[in-house]
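For reference, the structure discussed in these notes is given below.
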Amino acid sequence: MLIGKDYEKIEFNFYGFDFVEPNALYGDVIIAIFALYFGVLTRRYFKQTGLLFFKHWTWFFNVFGYGFILGGLGHFCYNYFGIPGKIPSWYSGIISTMYIELAMASLLPTARYYQLARFFYIKTFIICLIQLYFILFIDLEKEPGIGLIGPTLASLTGLITSLGVLGARFSKSIYPDFWYLWLSIIVVFPSVIFQAMKINFHQWFDRNDVSHVLMLGNIILYFMAVRGYFRFQTDSDLGKKSIEERGALS
């Protein structure tokens, strides 16, 4: 076990190709499989209900899932792709967060949703420009962690309010299963500690692998909340009445 520093990257030679961090690849692929499967299910929910809430969650799971596949390949093939191989996953992290914000905002009154949607688009565009600045003008080969500033900024400005604040509010005012969303904020918090203190259990299970396990738990909690709202909308007339009372799109 190491604290305060990282293990050497695992090197993996396969038919003359030099790969690194196979543990990052399998962790990312497992998360991607779950995310894309949830994307298929939420797409069905959207087709059955036509609610914008499920459309945005479908986009989240798809962008998030494909981003993790690209992120895993970026890690695994770092000797060939370098920093450019990480760029798609960085941007997918920024954009996927926006879809969570849009999904949760769609439960608010319609006029409020359109106001917030405009804000989310502008905020995401600005964060993407900040990310581009770091890519173009900072030597990320020496400080690769700086490349996570964009996704981290998107998460801090989006997930705490969308999942934490609105998740808690909607669990009381709309449907109890929304409590899974604010629970997800608590579940992922230990990842911050592991990353900041560089706590690594083993070379094959380091701080990034711990984050992967927590992230997998996160997206499962996301889906449980989304599935709960789908059941609320389809099992009785209460769901439609709730939308009418809130004056919302979803």
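Annotations
- Residue check for TYR99: in contact with a strand residue (DSSP E or B) (Cβ under 9 Å, 6 or more places away or on another chain) and either in a helix (DSSP H, G or I) or not hydrophobic (A, V, I, L, M, F, W, C) (or both): no
- The set of residues from the range 105-148 being among the charged types (D, E, K, R) and under 22 Å from ALA168 (Cα atoms) comprises just one member, ARG112.
- Residue in the range 11-29 that is surrounded by fewer than 22 Cβ atoms within 10 Å (Cβ to Cβ), in a helix (DSSP H, G or I), out of contact with any Leu (no Cβ under 9 Å at 6 or more places or on another chain) and of a type in the set (Phe, Trp, Tyr) present: yes
- If you filter the range 183-206 down to residues that are over 12 Å from the mean Cα position of the chain (by Cα), surrounded by 19 or more Cβ atoms within 10 Å (Cβ to Cβ) and not hydrophobic (A, V, I, L, M, F, W, C), you find that the one that is farthest from GLY67 (Cα to Cα) is ASN200.
- Count of the range 67-113 residues which are under 19 Å from ALA154 (Cβ atoms) and among the hydroxyl-bearing types (Ser, Thr, Tyr): 7
- Of the residues ASP177, ASP209, the single one that is within 16 Å of the chain's Cα centre (by Cα), in a helix (DSSP H, G or I) and of a type in the set (D, E, K, R) is ASP209.
- Filtered by the rule that a residue be within 30 Å of GLU8 (Cα to Cα), of a type outside the set (A, V, I, L, M, F, W, C) and over 17 Å from the mean Cα position of the chain (by Cα), the range 36-86 gives GLY74, HIS75, TYR78, ASN79, TYR80, GLY82, PRO84, GLY85.
- Qualifying residue in the range 89-108 (condition: touching a His at 6+ places or on another chain (Cβ under 7 Å), among the polar types (S, T, N, Q), in contact (Cβ under 8 Å) with a residue 24 or more places away in the chain and over 26 Å from MET197 (Cα atoms)): yes
- Qualifying positions in the range 212-236 - touching a Pro at 6+ places or on another chain (Cβ under 9 Å) and free of Cβ contacts under 8 Å to residues at least 40 places away in the same chain: LEU214
- None of LEU132, LEU159, LEU136, LEU140 is more than 25 Å from VAL187 (Cα to Cα), crowded, with 16+ Cβ neighbours inside 10 Å and hydrophobic (A, V, I, L, M, F, W, C) except LEU140.
Every read-out reported here was derived from the displayed coordinates using simple, explicitly stated rules and does not represent laboratory data. Source: prediction; values computed, not measured. So basically every Cβ, Gly included, is an ideal-geometry build from the backbone, and we count neighbours across all protein chains shown.
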